[in-house]
1. Taking neighbour counts of Cβ atoms within 10 Å as a proxy for exposure, in what order, fewest first, do W265, W355 appear?
2. From the phi of every residue in the range 134-151, what ³J(HN,Hα) in whole Hz does the Karplus formula 6.51 cos²θ - 1.76 cosθ + 1.60 yield, where θ is phi - 60° and glycine or proline is x?
3. Short version: ³J(HN,Hα) in whole Hz for each residue of the range 157-170, in order, from phi by Karplus 6.51 cos²θ - 1.76 cosθ + 1.60 (θ = phi - 60°), x for Gly and Pro, what are they?
4. Pull up all non-local amide H partners of G53: gap of 5 or more, or a different chain, and H-to-H distance under 5 Å with H placed in the peptide plane.
5. To the nearest 20 debye, what charge dipole does the range 37-180 have about its Cα centre, counting +1 at the Cβ of each Lys and Arg and -1 at the Cβ of each Asp and Glu?
6. What are the ³J(HN,Hα) couplings of the range 176-186, residue after residue, when phi is run through the Karplus curve with 6.51, -1.76, 1.60 and θ = phi - 60°? Round to Hz, x for glycine and proline.
Amino acid sequence: MTLYWLMFFLPCLMTVIRPHWTHAAQAKRAWELGFKLYFIALILLVGLRYQVGADWHHYLAPIELALQQNFFDFVFMPGDLAYSTLTWLSAHAGFGVYGVNLICAGIFALGLAVFCQNSLHPWLALAVAVPYLVIVVAMGYTRQGVAIGLVMLGLVSLDKNNLTVFIAWMVMAALFHKTALILIPLGIFAGRKSWVSIGGILLIAVLLFFLLLAEYVDHLVAGYITDQYASSGAAIRIAMNAVPAAIFLVFRKRFKLSDEQKMFWTWISFGGLLFIGLLAISPSSTAVDRVALYWIPLQLYVWSRLPTAMAQTLSAQLPWVVLVLLYSLTVQFVWLFYADHRFAWVPYQFYPWVWLWQ
């Protein structure tokens with residue numbers, strides 16, 4: 001558990017001390033180096049974890065199956081094309097689940113790093129990400145974790161008004177977890193689009209649905225809706241999206257965004273609130289919970305920009321920074337001590353260390 005707290009407190013420390021650094025080139029290089037080293041460590045800790053995550057054993061079975069089949073038979077089985085490809089290659093290269101996890105961790109970390117750097121307070125965005133997005137999602141749901149990493153790259157592209165690149169990232173995300181396809185139509189809300197652009201986005205979404213997701217729908221219906229799967233804590237996780245969504249909608253005029261950015265994140269925020277209603281009427285809280293994971297970047301986006309939106313000077317922003325950090329600390333504390341599945345994460349085990357002492 002100590003490691004999880006170190007992962008959290010380091011971004012907290014950097015968030016607080018960075019505004020007091022000088023603007024000298026040496027200080028800037030030190031900040032950039034620290035940011036890179038943190039993410040290198042993050043890749044190793046997420047990618048080389050050992051028996052960490054509630055679904056750990058579910059990721060071992062495909063490795064064994066891959067060793068018994070040729071490449072094309074395995075990769076084109078029902079599943080996620082990119083993840084299946086990595087699984088087969090890693091299994092036959094002798095790296096097992098750790099090779100897959102390490103590559104997925106690298107992609108996730110890249111998306112998170114770019115998304116945080118796009119923020120006004122990169123370390124604050126990272127501190128918000130650690131308690132749930134990093135520790136729970138990236139370490140627990142490998143396929144959806146890497147998909148969210150690619151989604152964050154897409155959101156940064158869309159934030160810079162590059163719709164084509166956004167769609168490309170979404171397609172790549174869907175190759176790791178098909179449910180990422182639901183985000184492609186969000187490009188419609190990225191500023192003022194012509195009817196041709198809107199039609200093109202919808203056409204792409206429909207085509208990709210039939211190419212990638214259609215055969216998956218029966219599985220989703222049977223697995224989540226028909227069996228009425230329930231996720232403990234789903235209401236809390238939905239609320240974690242809804243709170244920053246509500247804050248953005250109330251104070252959006254204070255956020256220093258272009259009209260296109262403001263429009264996009266307004267619709268994203270409405271989506272974050274919509275999950276409250278979906279959770280109330282859905283026969284499966286698990287289905288709603290899993291889709292809502294793609295709205296976690298909204299938390300990073302809003303919380304990291306809140307201090308600047310609410311105050312002008314660094315001294316006036318500090319209380320808001322502390323408030324966001326205290327909120328994030330509370331999230332991590334509650335999850336590590338009271339979550340139903342905390343036993344699958346505690347204690348953290350690092351594969352090279354376990355291997356050394358076997």
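1. W355, W265
2. 7, 5, 8, 6, 5, 8, x, 10, 4, 5, 6, x, 5, 4, 5, x, 5, 4
3. Along the range 157-170, the couplings run 4, 5, 4, 9, 6, 10, 5, 4, 5, 4, 4, 4, 5, 5 Hz.
4. W345
5. 220 debye
6. These are the phi-based 3J(HN,Hα) values: 9, 8, 4, 4, 5, 4, 5, 8, 4, x, 4 Hz.
All of the numbers you see were taken from the coordinates with simple rules; none came from a lab. Being a predicted model, the structure only gives us computed values, none of them experimental. Counting neighbours? That spans all protein chains shown, and the Cβs are built from the backbone with ideal geometry, glycine included.
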